[in-house]
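Everything below concerns the one structure shown next.
Rule-based calculations on the coordinates, nothing more; no lab input. Quick caveat, the model's predicted, so the values are computed rather than measured. Glycine gets a Cβ as well: all are built from the backbone with ideal geometry, and neighbour counts include every protein chain shown.
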């Protein structure tokens, strides 16, 4: 009996020890919905990778939480009068994690690498108008353009600068070096990424000595892990149905901000009934936006209006609105010459729960006005391949994120030659507007007028049925201070050095 | 014995080639383009074409296959298209987690399944029989992801000892440390993390084991030598455990071997729910990103492990039943 | 049949499956509400009990959970029956041929089965669905393929046992054709173990469909399947657990039914156990 008791004691002690290891006050644990593919800003295209990259490395300029461009590794910048040269004044006294100084040569190296076709960098298209990069001196670098491109700065904000003396290292993608507030210690893929504070950080010594990213793919699990105190904070993928409960709980803080993206119905504008603009307008009237936002998304996001997020200055509030109205849809269909049972459409989407639900709702609404919608939920690879490489679909549901300027939000999607114009929409007037818009200074009234008109055309002709604007939701314990949710998830942790854990 | 092992190993070759052809065809004939997935939304057509040429995707299928095969035979499973890391690295860094999960699930299934089966067989027809069968059947009737979510929200959230997700420590390493240094902390940490995922995978196997133990035990108990042993006056418990169970275990071991393969691959969903860093998740992500080398290499590795486990199972027959000999 | 009724577990299984078949056949007549009718403003109503409007509450799109469970029984039973039927057909044919003919044919068939067995089954199902496209039909096909090897093994070993029996030898001596001996005399006598495996497979088919649905690759809307109800309701497992609890229980209940039946059949078919 006594022996059994002492065993019990031993076990209890060990349990106590192990559970104490859980919550450490000098380590900030961030949850993430997906693992980074890699950590090389020149090669990655996904948000989870950039969430982590932006803690280790930094761009020349960055978007703050109000989506203004603010200095980062560059302190100042200006366009020449002919708009063909963009010159950056670099921050002085910045060092890489290995102690080497950061200079203009690193900037030139990074962008030259991306522009070299031999490297097949996925984002090369973003900088296609850059002709040459010139190192003026150690702290000044100039980008020479082949033709004016007003939104180049936004694209430059998307990529962090890579150190020239490490960039060609074979394992750079797994073991990067940067100028950011934290440096990489270890990375166990699909599990955790451990970082430590860069005490020489130019923005001040980070408050938290250690930082850990944990990858938890299942949304419900991530929330449970948060409530159990195993992670301190995460942004994105907060289960909508739980928001209300979490907001009412004094132990947690829910932060929300309008996002940079939206979900939409993409129409194949070249085939069948949907080539008729009235039918597309009818479909848009069948989207129960209020219902979807309020019940499917539990109030996260807002009803979709057009292609430009509401927070951007180019947003045009005066475009036509397609309120949910089966009656108007029926009238439009009648005008177009279609009666009940005349139209049969095939709708595709991938296995994303929100999109699957939207598909079901639309299917139900359409059937009420006599349109038969067949829904196909495809595995992601097959789905993308279908909409990108074929026109074997009538409708698809997809989303955009990172719509940080009107050019990026419209030219790829709606220009006749746009790379992502999957629905083959074409309007000559719109093409002219979009081509012209990218040569006009972004802060001018002309720019706002051009894109205002462009939005009106897109909304009137409905190549997309806009469903909802995204909203970013961040969730943290009350003991976490100095953090604000970022409208673009890739920048969520760029100011992580200010965060503290008051436990 | 050795000749038997060698013969079995030789038999593996056509099997593995068959599997690699099957995976290859499945992967290449299904829609989806790895290069477009890699380059993302801003890709230019020229880059797509050039990368297709670099990866050899523009070659005829059989040439692509033989290229892959000749590399694979030299131990080179290629490089992940998406991540640029050798496939063997990606697989081996996760193999420990996958094997640990599978083995612990099997152990849990055996530890729970065999006693339940014994009770059911010995108390045949009683309430205990039905009760243990119902418990066992619940295991096989519950979809594993649902069971996993229920365990998380009803057990893990309330029991602080059990974490919600992830992996820490290692059970195998922990056992080694316990034996060599008499410290249990590593083992305990490992166990805390592996327990729930292992249980949610092992539940269905437990059901199968319970059922098999019960039926084969009943069969053995009807045999003459057991009757003789009883007639000699040996106590019931000894008869059952010593004589009957030993013979009844054969089919149980067989099924453990066959199910082990299902455990390795079927853990996909459980790995996702518990954020367990295993090979299943790697392969499923690779399927959605069309990262061909990972899919091909991963499935091949799983098949190799599966066939090795089954070889071990066949060999272990000889241990349980000395009358079986291999030559 | 008499024995069937005497075995308690077989009887339990039969009753459960009987109820399910009844529900599935008359589903459209016994649903209290239209299972497809959605009213998004009525979503997440908790269960209201027998007197309420929504007996088991409404789901995230405001549809009646009870009606959807009733309607979903059709797909689940269909998946179980068709997937098992297909694997039964191919499994028994291949297994019988392998066992009866033997030699190279046997070796080839069995190596093919090893190939399917060695391929991680859920991954194989995912790969098949990714290649062919999702949907109930392809899910059934994937499930069937995955389950064939077990069927082949059982059939083959039973046929091997029966091959040397007197009535087969006698048949050969009489000059009956091989096909006739195989199908008329041998298979007739080995239905019992095959039936056991088939009933157990039916249960597995239902859970595999649920797993495919979890990955978004099972039934397509508006088709109602329990697996899809579980998969889509899992987000709300904390705030509205009833949305997943009831379809989950429906799956458990059905699979239990098939397993009880299978166990009962096994007890009956094994003469050694019969008298005890």
Going by alpha carbons, how many degrees (0 to 90, nearest 10) lie between the helix axis of C:242-269 and the longest principal axis of chain C? 20 degrees
What are the radius of gyration and Dmax of segment C:214-257, computed over its Cα atoms and given in Å? 10.6, 30
Helix-only estimate, please: 222 nm mean residue ellipticity of chain A, summing -39500 (n - 2.57) across DSSP H runs of length 4 or more and dividing by its residues, to the nearest 500. -8500 deg cm²/dmol
Would you tell me the mean number of C-beta atoms belonging to other protein chains that fall within 10 Å of each C-beta in B:285-295, as a whole number? 4
Can you give the Kirkwood hydrodynamic radius for chain C, in Å, rounded to one decimal and based on Cα pairs? 20.5 Å
Could you tell me the extents of segment A:349-396's C-alpha atoms along the three principal axes, largest first, rounded to whole Å? 32, 23, 10
Give the distance, in whole Å, between the Cα centre of segment C:21-70 and the Cα centre of segment A:209-279. 28 Å
Is it possible to state the helix-based mean residue ellipticity at 222 nm for chain B, with each DSSP H run of 4+ residues giving -39500 (n - 2.57), the sum divided by total residues, to the nearest 500 deg cm²/dmol? What is it? -24500 deg cm²/dmol
Plugging the Cβ-Cβ distance of residue A:165 and residue C:89 into 1/(1 + (r/R0)^6) at R0 = 60 Å yields, to the nearest 0.05, a FRET efficiency of 0.35
Given that compact globular proteins tend to follow 2.2 N^0.38 Å, what is the ratio of the alpha-carbon Rg of segment B:186-226 to that value? 1.83
Descending packing, highest mean Cβ count within 10 Å first, for C:195-205, C:38-48 is C:195-205, C:38-48
Cα convex hull of segment B:119-170, projected area averaged across orientations, nm²: 5.6 nm²
Computed over all unlike Cα pairs, the Kirkwood hydrodynamic radius of chain B in Å stands at 22.6 Å
For segment C:79-126 versus segment C:152-172, the gap between their alpha-carbon centres in whole angstrom: 18 Å
Report D for segment A:57-156 in µm² per second (integer): Stokes-Einstein, Kirkwood Rh on Cα pairs, 4 °C, 1.567 mPa s. 92 µm²/s
If one computes the Cα centroid of segment A:402-455 and of segment B:92-157, what distance in Å separates the two points? 58 Å
For chain C, set up a Gaussian network in which alpha carbons nearer than 10 Å are linked by springs, and say which option among C:250, C:144, C:131 fluctuates the most. C:131
Peptide B:128-136: average number of partner chain Cβ atoms within 10 Å per residue? 2
No solvent, one uniform scatterer per C-alpha: report log10 I(q)/I(0) for segment A:390-503 via the Debye equation at q = 0.13, 0.16, 0.19 1/Å, two decimals. -0.66, -0.84, -1.02
Take every Cα pair under 8 Å in chain C that's 6+ residues apart, average their separations, divide by the length, and report that relative contact order as a whole percent. 26 percent
Beta bridge orientation in chain A: antiparallel %, DSSP, nearest 5: 75 percent
Taking just the alpha carbons, could you work out the radius of gyration and Dmax for chain A, both in angstroms? 25.1, 91
Rg and Dmax of segment A:91-201, using alpha carbons, in Å: what are they? 15.3, 45
For chain C, built as a Gaussian network whose Cα springs stay under 10 Å, the top-fluctuating residue of C:79, C:146, C:122: C:122
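Give me a single rounded figure for C:253-261: the average over its residues of other chain Cβ atoms within 10 Å of their Cβ.
4
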Relative to the first principal axis of the alpha-carbon coordinates of chain C, what is the inclination of helix C:121-132, with its axis defined by its Cα atoms, in degrees from 0 to 90 and to the nearest 10? 70 degrees
So what is Rg over Rh here for the protein assembly as shown, counting just Cα atoms and using Kirkwood for Rh? 0.99
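I'd like to compare C:161-169, A:464-472: which one has the highest average count of other Cβ atoms within 10 Å, and what's the full order after that?
Highest mean packing first, the order is A:464-472, C:161-169.
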For every helix of n ≥ 4 consecutive DSSP H residues, a contribution of -39,500 (n - 2.57) applies; sum these over chain C, divide by its total residues, and give [θ] at 222 nm rounded to the nearest 500 deg cm²/dmol. -23000 deg cm²/dmol
Cα Rg over Rh - segment B:94-277, Kirkwood: 1.04
On Cα atoms only, tilt of C:8-25 relative to the major axis of chain C in degrees: 60 degrees
Considering chain B as a Gaussian network with a 10 Å cut-off on Cα pairs, which listed residue, B:218, B:22, B:151, attains the greatest mean-square fluctuation? B:22
From the mean inverse distance of alpha carbon pairs (Kirkwood) and the Cα radius of gyration, derive Rg over Rh for segment C:92-158. 1.06
Per-residue Cβ neighbour rank within 10 angstrom, fewest leading, B:186, A:461: A:461, B:186
